[in-house]
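The values are calculated or read from the model by the stated rules, or taken from the named source; none is laboratory data. The structure displayed is predicted, hence computed values, not measured ones. For neighbour counting, all protein chains shown are included, and Cβ atoms are generated from backbone atoms with ideal geometry for every residue, glycine included.
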Amino acid sequence: MTDIHPVQLGKRVIDTGTAEPPHNRVTQQLSEVDEGIAVVESFSHCWALRTDEGLVCIDASGPRSGAVVVEALRNWSDDPVHTLVYTHGHLDHVGGSGAFVADAEARGHARPRVVAHEAVPARFERYRRTNGWNLAINRRQFGGVRPDIGIESEAGRFLPDDVAEPDLTYRDRVEIEVGGRRLELRHARGETDDHTWVWDSEDRAVYAGDFVIWVFPNAGNPQKVQRYPIEWAAAMREMLAAGAEKVYPAHGLPIVGRKRVEIVLGDMADALEHLADATLAMMNEGATIDEIIHTVRVPEHLADRPWLAPQYDEPEFVVRNVYRQFGGWWDGNPAHLKPSRESALAAEMVALAGSVEALTDRALELAESGDLRLACHLVELAVAAEPEHEGAHRARAAVYWRRRAAERSLMAKGVYSAAARESEAVFGEVTGRDRMRDAIGKALG
Ligand SMILES: [Zn+2]
């Protein structure tokens, strides 16, 4: 699979409409996709353009992959990296910048000029301010699911110290010219508030960053700050209107050929617009988030598109983010406005049911019959009522492992496996529990 050229694989998947996992490849290998244009398929990809004044690189890949990406680049070109563009400030796009700077120093080249949207420095500041929180949620998101993914840097630091701050920032659009290549950087909100997509009008090529990731758009992430599904769809429309004939994404495969660009970007925009429109329509009718998430779906004809597979994020979470963007945090249930402690409610429910076992037995029965949503509520009540109850934790771990297996998105799988492990640590040996508490304490400290 890794032998096939990424452009060829992209064409094949789009033309057949059939997924060929893993099309989100992390091969760490460089492929030339056009004259003077190469990609290193990593986490994230790094795109490199040759110019008369040196290389323009788009994204630096992550903290652990930066050095490998630079090495792959150096087998292709010895030219200085003149400019490094961050498509946004996520770690898998900026974390490798230290390796680019170190490479320049080692070769006696000038330090690359770093260009990014003006909200990137503010993001870095936020990461420093919420360091422990970001370590904890990222571990939960990726923990145990893809441990090789390489998003964590040295212990205790979410944003590595050697990440290069932008030298040049812009607000809406900026044109940069390097060695005869003119590139327009355009800002749009989508996955983040600091996103850039790069437009090479001469080549009709878009460097799309995370606007295109070959899985369902990461516009719903349950543990992260606001994302922007409507603006994301608008950016897809803008790329199409600009006349893009090639789309070079930061994850997944190059999309080459106008028709293919129209298919993939059009599908993404359709799916996001539908979710947003349907959610807003229900909100305008006074619906609660409870009613909305159990009603709004991606249109049937888009459900099996390989580039919309809910393997990372998922539509239900996008619906929630639309609600949050326009509706605040309250879910519409008056009891939830200023709730009692969950443990107090759980103790009442256990008393009414007669025992913790009444809840856990029913939870396992529900899980068996496939109603995992309901089963999860009951095991949560059981352990909230009696946090040291071994049987409750055994049932909880069993339900969440089952739930994890039934889910498709990495984000849901991560949360559910973290919950299962948390319960296993409680009924496991004492050292296991201590280790878990220690790890959580460290992550939050
Ligand atoms: Zn990314």
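Structure values in brief
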read-out: Some residue of the stretch 169-182 being away from the ligand (no atom under 16 Å from the Cβ), over 22 Å from I37 (Cα atoms), part of a strand (DSSP E or B) and free of Cβ contacts under 8 Å to residues at least 24 places away in the same chain; value: yes
read-out: Residue in the stretch 81-129 that is surrounded by the fewest Cβ atoms within 10 Å (Cβ to Cβ), counting only those that are in a helix (DSSP H, G or I) and in contact with a Lys or Arg (Cβ under 8 Å, 6 or more places away or on another chain); value: E105
read-out: Filtered residue count, the stretch 244-260, keeping only those that are in contact with a helix residue (DSSP H, G or I) (Cβ under 8 Å, 6 or more places away or on another chain) and more than 14 Å from the ligand (Cβ to nearest atom); value: 10
read-out: Residue match in the stretch 266-276 (condition: within 16 Å of the ligand (Cβ to nearest atom), closer than 25 Å to G62 by Cα and buried (at least 22 other Cβ atoms within 10 Å of the Cβ)); value: no
read-out: Pairs where the first residue, in the stretch 267-293, is without any contact (Cβ under 8 Å) to a residue 24 or more places away in the chain and the second is of a type in the set (G, A, S) and outside any helix (DSSP H, G or I), C-beta under 8 Å, 6+ apart; value: none
read-out: Scan of the stretch 297-314 for residues that are closer than 17 Å to T279 by Cα, more than 17 Å from the chain's Cα centre (by Cα) and not basic (K, R), ordered by number; value: V298, P299, E300
read-out: Candidates L49, L91 - the one that is at pLDDT 95 or above and within 16 Å of the ligand (Cβ to nearest atom); value: L91
read-out: Of residues in the stretch 29-46 being in a loop (DSSP other than H, G, I, E, B) and more than 16 Å from the ligand (Cβ to nearest atom), the one surrounded by the most Cβ atoms within 10 Å (Cβ to Cβ); value: Q29
read-out: Selected residue [of a type in the set (A, V, I, L, M), surrounded by fewer than 20 Cβ atoms within 10 Å (Cβ to Cβ) and modelled with pLDDT of 95 or more] from V145, V163, V178, V198; value: V178
read-out: Among (1) touching a residue at least 60 places away in the same chain (Cβ under 8 Å); (2) out of contact with any strand residue (DSSP E or B) (no Cβ under 6 Å at 6 or more places or on another chain); (3) within 25 Å of R186 (Cα to Cα), the one test that H45 misses; value: (2)
read-out: Residue under evaluation G243, criteria (1) surrounded by fewer than 22 Cβ atoms within 10 Å (Cβ to Cβ); (2) at pLDDT 95 or above; (3) under 19 Å from the mean Cα position of the chain (by Cα), criterion not met; value: (3)
read-out: Residue match in the stretch 208-223 (condition: β-branched (V, I, T), within 16 Å of the ligand (Cβ to nearest atom), surrounded by fewer than 17 Cβ atoms within 10 Å (Cβ to Cβ) and under 23 Å from V296 (Cβ atoms)); value: no
read-out: Flag if V70 is assigned to a strand (DSSP E or B), at pLDDT 95 or above and β-branched (V, I, T); value: no
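For (1) under 16 Å from A358 (Cβ atoms); (2) at pLDDT 95 or above, each residue gets a yes or a no:
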position: R373; (1), (2): no, yes
position: L381; (1), (2): yes, yes
position: A385; (1), (2): yes, yes
position: E390; (1), (2): no, yes
position: A395; (1), (2): yes, yes
position: V415; (1), (2): no, no
